[in-house]
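The block underneath contains the structure these notes are about, expressed in structure tokens.
A short reminder: the numbers here are calculations on the coordinates, not readings from a lab. From a predicted model like this one, the values you see are computed outputs, not experimental measurements. Ideal geometry is used to build each Cβ from the backbone, glycine not excepted, and the neighbour counts take in all protein chains shown.
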Amino acid sequence: MAEVGFGASVVEDAVLAVSELATNAYRHAGDSLELWVWARTRPRAELVVSVFDGNREAVPEVHGGDLLDESGKGLGIVAAVASGWGCHLSRSRLSHAPVLGKVAWFVLPLPERWPRPPWRVSPGVAARRLVDALAARGLNAEWSSDSAGVSIVSVDGINVWVCPLTFSWRGRTGVYARHPLIDLQEAAERVVQAVEAGVSPTGDRGGGCDAPGAGGAVGSWP
């Protein structure tokens, strides 16, 4: 983290937050733990740190009281040091065989001078990488493209439109979720989250790149 510009105090906060999430996950799930880290550029530039475990029954929650208490306050510490956190159903990324479970995550603002990746990614390359990322999670996705160069990745009833600048798919309420092509890992995780939550898109499945606010408009997320 120091190499990308984080200060020493932020690194210490991140280590503390990871320790709390990992301890909580190990207490409830044993050894099926994974640590994931990636950067995302939207809705703002942030480092996303996630701890996966194979137990879907025990959902983490913040307890009241003193953050210095020895038990039940781990997520309160995470909430105090991070700019955001959450938990959702997911699938493993690193195991030989996909494991169903959940992921608890937190985010930290990236430094102003963090080494940004290239902004432009070919939609065709992004579609192939999304298919590969979903396959690693045990999800069989189908990929097709049209003469205009727009690709569609279909998985469990969800059509992900791979537009010139964004991944775009219709959620349960009909609102489109959009993520920049450069945010591949974030987009893949959100698709997995939608699949595991049983999201069934409403209305027709078309228009992912032509809907109002789409067309690769990198600034418009619901």
What order do you get for Ser144, Ser50, Ser95 when you list them from fewest to most C-beta neighbours inside 10 Å? Ser144, Ser95, Ser50
Quick one: order Thr41, Thr173, Thr23, Thr166 by neighbouring beta-carbon count within 10 Å, fewest to most. Thr173, Thr23, Thr41, Thr166
Using a ≥ b ≥ c from the Cα gyration tensor of the stretch 123-196 (square roots of the eigenvalues), is it rounded, prolate or oblate, where a/c under 1.5 gives rounded and otherwise the larger of a/b and b/c decides, a/b for prolate? rounded
Residues whose built amide H sits under 5 Å from the amide H of Phe167, excluding neighbours closer than 5 in sequence, are His179, Leu181
Gap separating the Cα centres of the stretch 6-23 and the stretch 111-165, nearest whole Å: 31 Å
Quick check: net charge around Tyr26, other residues with Cβ under 13 Å of its Cβ, Lys/Arg +1 and Asp/Glu -1? -3
Give, in nm to one decimal, the length gained when the segment between Val37 and Glu142 is fully stretched (0.36 nm per residue of separation minus the Cα-Cα distance). 35.1 nm
Would you mind ranking Val131, Val15, Val121, Val160 by Cβ crowding within 10 Å, fewest neighbours first? Val15, Val121, Val131, Val160
If each of Arg128 and Arg172 carries a label point 7 Å out from its Cα toward its Cβ, how far apart are those two points in nm? 3.6 nm
